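Just dropping this structure here.
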């Protein structure tokens, strides 16, 4: 099955996503990133988190086994990219499109509690797109995932990816 923008949908099974979330290879990546960023891991295997992860995986072009293998074979590169991504204010800015008059937190007042389990999956998916796929495929993926300002976000990630490659 494909989306109208040509993205192949790969069905994902809840139990496989849960197994990936509990895998040693994902834990190794996420724990190193969290420790370097001095953030704690927040574990949430709830319906909302799992639905989001399943949807993201299903349009990534990778299976859960593919993501696990990708993390295993590209661990250091994914960690470098993840650290660079999470440390980049432009790439991680929370530019929301608020309606005029809608309340938002004053700058500097929002609190980062930690990193949720599964963030390593998202980082691996982004890394795979940047390393192995076309820019058009990446933009289509970001738009499918309803990332605000997808083209700008993609440019920021291309820059971050390039910087992380220079560190390796």
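The values are calculated or read from the model by the stated rules, or taken from the named source; none is laboratory data. Computed from a predicted structure; not experimentally measured. Neighbour counts are summed over all protein chains in view; Cβ atoms, including those assigned to glycine, are modelled from backbone coordinates with ideal geometry.
Quick check: anything in region 100-115 modelled with pLDDT under 90 and assigned to a strand (DSSP E or B)?
Yes, region 100-115 has at least one match.
If you don't mind, there's one more thing I want to ask. Scan region 22-33 and give yes if some residue there is part of a loop (DSSP other than H, G, I, E, B), within 26 Å of residue 79 (Cβ to Cβ), touching a helix residue (DSSP H, G or I) at 6+ places or on another chain (Cβ under 9 Å) and at pLDDT below 95, otherwise no.
The answer is no, given that none of the residues of region 22-33 is part of a loop (DSSP other than H, G, I, E, B), within 26 Å of residue 79 (Cβ to Cβ), touching a helix residue (DSSP H, G or I) at 6+ places or on another chain (Cβ under 9 Å) and at pLDDT below 95.
Return yes or no: is residue 72 closer than 26 Å to residue 155 by Cα and surrounded by 13 or more Cβ atoms within 10 Å (Cβ to Cβ)?
It is false that residue 72 is closer than 26 Å to residue 155 by Cα and surrounded by 13 or more Cβ atoms within 10 Å (Cβ to Cβ).
Only one residue in 53, 18, 62, 71 is in a loop (DSSP other than H, G, I, E, B), within 15 Å of residue 121 (Cβ to Cβ) and either free of Cβ contacts under 8 Å to residues at least 24 places away in the same chain or out of contact with any strand residue (DSSP E or B) (no Cβ under 7 Å at 6 or more places or on another chain) (or both). Which one?
Values: 53 fails: in a loop (DSSP other than H, G, I, E, B); 18 fails: in a loop (DSSP other than H, G, I, E, B); 71 fails: in a loop (DSSP other than H, G, I, E, B).
None of the others qualify; the one that does is 62.
Could I ask something else about it? Can you tell me which residue within region 34-50, out of those that are without any contact (Cβ under 8 Å) to a residue 12 or more places away in the chain and outside any helix (DSSP H, G or I), is farthest from residue 146 (Cα to Cα)?
Start the filter on region 34-50 by keeping residues that are without any contact (Cβ under 8 Å) to a residue 12 or more places away in the chain, which leaves 35, 38, 46-48.
Cutting the leftovers down to outside any helix (DSSP H, G or I) gives us 38, 46.
On the way: 38: 29, 46: 21 Å.
For region 34-50, the residue satisfying everything is 38.
So, in region 136-150, of the ones that are more than 16 Å from residue 57 (Cα to Cα) and exposed (fewer than 15 other Cβ atoms within 10 Å of the Cβ), which residue ends up farthest from the chain's Cα centre (by Cα)? Outline the logic, then answer.
First pass over region 136-150, keeping only residues more than 16 Å from residue 57 (Cα to Cα): 136, 148-150.
Checking the rest, the ones that are also exposed (fewer than 15 other Cβ atoms within 10 Å of the Cβ) come to 136, 148-149.
Values: 136: 18, 148: 14, 149: 16 Å.
Ranking the candidates gives 136 first.
Any residue in region 30-45 that is more than 17 Å from residue 116 (Cβ to Cβ) and under 13 Å from the mean Cα position of the chain (by Cα)?
Start the filter on region 30-45 by keeping residues that are more than 17 Å from residue 116 (Cβ to Cβ), which leaves none.
Among the residues of region 30-45, not one is more than 17 Å from residue 116 (Cβ to Cβ) and under 13 Å from the mean Cα position of the chain (by Cα), which makes the answer no.
Which residues, taken from region 137-164, are in a helix (DSSP H, G or I), touching a helix residue (DSSP H, G or I) at 6+ places or on another chain (Cβ under 8 Å) and free of Cβ contacts under 8 Å to residues at least 12 places away in the same chain?
150
Could you tell me whether any residue of region 5-13 is closer than 29 Å to residue 140 by Cα, assigned to a helix (DSSP H, G or I) and either modelled with pLDDT of 90 or more or touching a strand residue (DSSP E or B) at 6+ places or on another chain (Cβ under 8 Å) (or both)?
No.
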